[in-house]
1. Please sort 473-484, 226-237 by packing, taking for each peptide the average over its residues of neighbouring beta carbons within 10 angstrom, highest first.
2. Skipping prolines and chain starts, which residues have an amide H placed within reach, meaning under 5 Å, of the one on ALA166, given they are 5 or more residues away or on another chain?
3. Say the dipole of the range 394-485 comes from +1 at the beta carbon of Lys and Arg and -1 at that of Asp and Glu; which of ASN470, GLN437, ASN419 then lies farthest toward its positive end?
4. 5 Å is the cut-off here: which amide hydrogens, built 1.01 Å from N in the peptide plane, fall below it relative to THR410, excluding neighbours closer than 5 in sequence?
5. Could you state the number of Å between the C-alpha centres of the range 481-522 and the range 284-319?
6. Could you run the Karplus curve 6.51 cos²θ - 1.76 cosθ + 1.60 with θ = phi - 60° over the range 434-448 and give me ³J(HN,Hα) per residue in whole Hz, x for Gly and Pro?
7. On full extension of the chain, what length is gained from PHE294 through ASP446, given 0.36 nm per residue of separation minus the C-alpha to C-alpha distance?
8. With θ set to phi - 60° and the Karplus curve 6.51 cos²θ - 1.76 cosθ + 1.60, what are the ³J(HN,Hα) couplings of the range 336-348 in order, to the nearest whole Hz, using x for Gly and Pro?
Amino acid sequence: MKLKQLAIACAAALAVPMAAHAVAPTGPYDTAGAMRVYLSGASAPDSYLDTIMVGLLKPGTFYKYTVGTDYRLYLGELAATNQKIVFVKRSKGGSVWGVNPIGDTTPANRLIQTMDLNSTDCPTAAPAGSTAGAACLASAVKGNDPGFAGNPGSSEVPDFGVSDVAPFMFKEPYNVEFGAQQLGDTSNLTIKPVNTVLFGAVATAAVPDTLQISNADYHAMLSIAVYDWTTIGLTVPAGDLKTGVVVCRRVPGSGTQATYNWYFNNFPCTASSLTSGVNGNSVPARMTDSFGFFGFTKGTGDGSSAANAIGVDVTAGYTVIENVGSGDVRKCLTAANNKQEYNFVGEDGLHYVANFNQSPAGDTVNAGYRAIGILSLDSQAKYAAADGAESAWFFRSLNGNGRFYSNTQTCLVGATLANAGAAPVGGTAATGVCPNQTETRTGHYDMAGEQTMQYLTTTAKDGFDTARRNFENAFISAAGAPGNQAAYTMALPGGAYTPNGTNAVSFASRGGNQCGPLIRGTY
C-alpha cells in the first residue's frame with residue numbers, strides 16, 4: 001500500500017521505530033517472555049476464533065479480551081510447545097488490512113493501529129472448552145493507521161493477514177481504501193487459501209418477501225440504473241412516498257465490497273482492451289451519487305463531530321450510505337427500516353448523518369425505508385438478535401423471492417416470527433437459490449468468496465520468528481479444517497478434505513482465483 005501524496009507528508013513526519021513486542025507482566029498470568037502475534041483483516045473468522053484458539057491453547061491458560069467488534073486479544077500457552085503467546089486479531093477496516101500492511105515494502109505503511117493490555121480490567125467469559133483464570137488486564141487500542149494523525153510509534157506491524165478474497169482483488173479504483181493506492185506486487189507474500197465464505201444480498205423488512213428480485217435488479221439498484229422500487233414491480237400503499245432505493249454498502253477496501261464489485265460489477269475480472277475498447281466492468285454507486293448528498297448539515301456541517309455532521313438527505317430519493325464496517329452496514333439497515341437517525345463516520349474520518357427518522361414531504365404512511373446491501377452470512381449467524389436481523393432486515397433468496405432464516409437454514413415467503421432469532425412459523429418455499437451450506441456445498445449458490453491468509457515469505461522480526469511462523473501455519477490449518485467451519489463457511493476440497501454430501505466441505509472451488517470459474521471436482 002502506498003499512500004497518496006496528501007498523506008505521504010503526514011506519515012513520513014510521524015514515522016518512528018515500532019514499539020517492542022512486549023506486554024507488562026500484570027496479574028496472576030505473567031506475560032513476560034510471551035510471543036506476540038498480530039493478525040489483521042476480514043471479520044468473517046471472528047465467529048470461530050474462539051474455537052481455533054481453544055484448540056491451540058492449553059486448558060487453564062486461556063484469557064480473552066475485546067474492544068468492541070474491532071479487536072480481540074487472547075493470552076495463553078500453546079499446547080504444542082508451552083510457549084506463552086499474546087495473540088491479537090484486528091477486524092477494523094476489513095480485508096484490505098489483511099493484505100496491504102502485510103506486503104507493503106514501505107515500513108511506515110505497515111504500521112497500523114493495534115490493541116494492547118495495561119491493568120485492572122477482567123477478561124470476557126471463557127468460551128466452551130477453555131478455562132479462564134482470574135487475570136485482570138485493561139484492553140485498549142493504541143497507535144493509528146497510516147495517513148491519520150497519531151503516534152505510529154505505538155502502532156504495530158501485523159504478522160499475517162486474512163482477506164475474504166485473494167489479495168490481487170484489491171485493485172484501484174473500487175477496491176482500495178481511502179487515501180491509498182493498490183499494492184503493486186504480491187510476489188513477496190505466501191498466500192494460502194483457507195475456506196469458502198458465503199455472502200448474500202440483504203433487504204430491510206420493509207421490502208415485501210413476495211417481491212421477486214433478480215440479480216439484474218440488484219445490479220441496477222447498486223449502480224443507480226434503477227433508483228426507485230416501483231421500477232422493479234414493487235406496489236406501495238397510497239400515500240407512501242418512500243420509494244427511493246437505499247443502499248447500505250461498505251467502503252472501498254472491504255472484502256465484502258470487493259465481493260459485491262466482483263459479483264455484480266465484474267470488477268476487477270475484466271479490463272478495457274487497448275484494441276477493442278471493450279470494458280466488462282460497471283461502476284458501483286457511491287455516497288456522493290445520493291440524490292440528497294450534503295442535503296443538510298448539523299451545526300457547522302464540517303464533519304468534525306457528530307454535532308457538526310454532514311447530512312445525507314434520504315427523503316430526496318436514491319441514497320447510498322458507505323459504511324466502514326459490516327457492523328455499520330447492519331446499523332444502517334436497522335436505522336432505515338426502523339426510521340431512526342443514523343450517525344456514522346466515513347472512510348475519510350468525517351462525521352455524517354442520514355435522516356431516516358424523517359419522511360418525504362407529503363408522505364402519510366409510517367413505514368420504514370426500503371434498503372438493500374451485501375453482507376457475509378456471519379452477520380446473520382452471529383448478530384441476529386443484537387442487530388435486528390430476522391426482524392429489521394433479512395438475507396434474501398438469490399434471483400427470486402423470500403427471506404432466509406438462519407435457525408432453519410431455509411428461505412420462505414410469508415413466514416412469521418415470535419421474536420428476533422426464533423424459528424419461522426408457517427410460510428411457503430421461496431423461489432431462487434437459498435444462501436445456505438447445502439446449496440453452497442453443491443455449487444448451486446455461487447455468491448461466495450474464497451478466504452485467504454497471507455504472510456511475508458521472509459521476515460526478520462525478533463527471536464520468535466520460527467515459533468511465530470509455526471503458530472501462523474497451525475492457525476491457518478485450523479481455520480480451514482472442516483470441524484472448525486461455521487454455518488456460513490465451507491472447507492475447500494482437496495488434500496485430506498473430501499466432500500461427502502453432508503460434511504462442511506464444498507464440492508466446488510475457484511482454486512483460490514476469485515475471477516476463475518467455480519469448478520466441481522471429481523472425488
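Only the coordinates and a few stated rules stand behind these numbers; no lab work does. None of these values were measured; they are calculated from a predicted model. Cβ placement follows ideal geometry from the backbone for every residue including glycine, while neighbour counts extend to all protein chains displayed.
1. Values: 473-484: 18.2, 226-237: 14.7.
Final packing ranking: 473-484, 226-237.
2. GLU450, GLN514
3. Checking the options against the dipole of the range 394-485, the answer is ASN419.
4. It is TYR405, by chain and number.
5. Comparing the Cα centres of the range 284-319 and the range 481-522, I get a distance of 42 Å.
6. Values per residue, Gly and Pro as x: 7, x, 10, 5, 4, 6, 6, 4, 8, x, 5, 9, 10, 8, 9 Hz.
7. Details: separation 152, 0.36 × 152 = 54.72 nm, distance 3.71 nm.
Full extension of this stretch gives 51.0 nm more.
8. Couplings: 5, 5, 8, 6, 10, 4, 10, 9, 8, 10, x, 4, 8 Hz.
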